[in-house]
Amino acid sequence: MNRRGRTSSPGLGRQVRTLLTRLQNLRAPTAPDAPALSLRDPWPGDPSRGARLVRGELDYAGAVLAMPAGIFATAGATPLLRAHALGFTWLRDLRALGTDAARARARALVSDFMDTSRADAAANAPDVLGARLASWLGHYDFFAASADDDFRQRLMSRLVQDARRLAATLPPEYLDQRALTALKGLAAAAIAMGEHVPYLPRVLKFLPAELERQFLADGCHAERSPAAHLAALQDLTELRALLQAAGTPPPPELRGAIERAAAALRSLRHGDGGLALFNGSKEDLPSLIDLVLAQTGRARGALAPLGASGLYRIAVAKSILIMDAGCPPPPGLDRLAHAGTLGFEFSCGKERLVVNCGAAPALAGEWAAALRGTAAHSTLTLGDVSSAEILETGGLGRRPTQVHAHRQNLAGMHWLEANHNGWHELFGAIHHRRLGLSESGEELQGEDLIEAPVPQPFAIRFHLHPNVTASLQQDDETVLLRTPSGLGFRLRAEGAVPKLEESVYFGQAEPRRAEQILLPGHQDGPQHIKWTITRI
């Protein structure tokens, strides 16, 4: 039994249901001529990505997959990219493009998929099934309503088969956000084709326990990732809308989870409206976040104090400090987790100053792993080793098991003190970090202390947003920072001489060159570094 209260292997009941579903689908399934209830995907697409799809390229999470006309192939793609391709959520990009070519492309790819994918295990994963069911039904009017009878009959038959297959997998084995996608997809199928897919009671049976597992006491999603949190809240609002469309009262657990998650989402934003970059997140479009919050009915309201998740936020005047001072998510929830413990981000107004490097989870090769490492975060790296072990198969191996954090106001400063034991197994070391934001929001003070029996070389990094320019002054002890609007900041350190080095930023749609400030530490030098970032 894992920490979140679910066994990791499928039970006998699921195996029996899956076998019965396969036998049932051997017969020609009875299927409606069209959905009984018209559904519409509520989220905006990206017409530029739609145009790339028409040209045969799928762009997602830092990677590009070639999808030439007439062939639906995902061979060689990373698992995350394959899941996205096979889940068809990109149909909203073609809908946003809105041309006849986009509609024809959507129809051709759906047809190719139905012709070639029956034995593809990735296509039949519960979250992929759920995403595809919701996407096909949510875009039916766009790509299928005007198609010929043969296409529509094949589509409706496949929808019924996929819904039966998905129902047989419940409760989903996933502990992370993908379980919510599976439930949402089955709910969409049951509501749009209830006579043929009578599975809504199964969704309602498993939903309350899933909500309890998925969300922490402060409303933050258990993956501790702003991106996963946003996706989970999108699934919840879709679920509620589906139930309302069917005339079924949403369970109180769903209403409460949406309200708490909306408050938490507001706490995970910077002043520009985008997300903080922790555990696989990108900035994401503020307009999408605004829409999600509007769909929750809680576009405005109080912020959530994220103590249970350890993603602490201090906002003073126009300055916002967000710090990861919690344990990494446990196995089963750490698929995309980063080794960024005690990393922080700092913004002033609508401009980001200090950031983490972002993520490219769908990208193959070394970049995806490098962006998950400690060196890609604005924190301390000890002995050139990440604070958690990044596994090639996903998730984390060795990791901090004890992270302590304390927040207090003292002498006109808002302080956050934290420490973690991520390097204790290797070096017997504890990293202590203390961050303080002044009442004016114009000065950020920091201290980093390493407690270890044998000192190790270390580096404290401040990754800068690519819009920030940095210059090392002639005294070699001061770095001046300038934002596009003309705001100026000065970074100084005690116990280390700052250096400027190249960095890279994957927080937006395309990777960008950036800079980082490095405070190097040596085995025979001070193990206690103080630094300040002051507005000038």
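A short reminder: the numbers here are calculations on the coordinates, not readings from a lab. This is a predicted model, so every value here is computed, not measured. With ideal geometry, Cβ positions are generated from the backbone for all residues, glycine too; neighbour counts draw on all protein chains shown.
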Open item on the list: I'd like the orientation of helix 126-138 relative to the chain: the angle between its Cα long axis and the longest Cα principal axis, in ° from 0 to 90, rounded to 10.
Closed with: 70
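Quick check: convex hull of the Cα atoms in the range 312-535, volume per residue, rounded to a whole Å³? Before the final figure, lay out each step's value.
Values: hull volume 27.3 nm³, N = 224.
Looking at the range 312-535, the number lands at 122 Å³ per residue.
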- [ ] Can you tell me the relative contact order of the chain? Whole percent, Cα pairs under 8 Å, sequence separation 6 or more.
- [x] 10
- [ ] Rounded to the nearest 10 degrees, what's the angle between the helix 100-116 long axis and the longest principal axis of the chain, both from Cα atoms, 0 to 90?
- [x] 80
TODO: Starting from the alpha-carbon convex hull of the range 36-134, give the projected area averaged over all orientations, in nm².
DONE: 6.5
Task: Using θ = phi - 60° and Karplus 6.51 cos²θ - 1.76 cosθ + 1.60, couplings along the range 81-93 (whole Hz; Gly, Pro as x) - done: 5, 4, 4, 5, 4, 7, x, 6, 5, 5, 4, 5, 5
TODO: Count the net charge of all other residues whose Cβ sits under 12 Å from the Cβ of Leu39, scoring Lys and Arg as +1 and Asp and Glu as -1.
DONE: -1
Task: Three-way shape label, the range 285-423, alpha-carbon gyration tensor, a/c 1.5 - done: oblate
TODO: Would you calculate the separation in nanometres between label points at Leu449 and Gln523, each defined as 7 Å from the Cα along the Cα-to-beta-carbon direction?
DONE: 2.4
- [ ] Could you state the angle between the C-alpha long axis of helix 149-169 and the longest principal axis of the C-alpha atoms of the chain, as a value from 0 to 90 degrees rounded to the nearest 10?
- [x] 60
Task: Structure-based [θ]222 nm, the chain - -39500 (n - 2.57) summed over DSSP H runs of at least 4, per residue, nearest 500 - done: -10500 deg cm²/dmol
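Could you calculate the contour length gain from Thr401 to Leu500, that is, 0.36 nm times the residue separation minus the distance between their Cα atoms, to one decimal place in nm? Walk me through the numbers before you get to the answer.
Working: separation 99, 0.36 × 99 = 35.64 nm, distance 3.25 nm.
Once the chain is fully extended between Thr401 and Leu500, it gains 32.4 nm.
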Task: Cα-Cα over 20 Å, subset of Lys184/Lys205; Lys499/Lys530; Lys350/Lys530 - done: Lys350/Lys530
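Just round it to a whole percent: the fraction of Cα-Cα distances in the range 240-312 exceeding 20 Å. Before the final figure, lay out the partial values.
Details: 953 of 2628 pairs.
Counting every Cα pair in the range 240-312, those more than 20 Å apart make up 36 percent.
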Open item on the list: Sort 405-411, 90-96 by the packing proxy (mean of other Cβ within 10 Å over each peptide's residues), most packed first.
Closed with: 90-96, 405-411
Task: Descending principal axes extents, the chain, alpha-carbon based, whole Å - done: 77, 48, 42
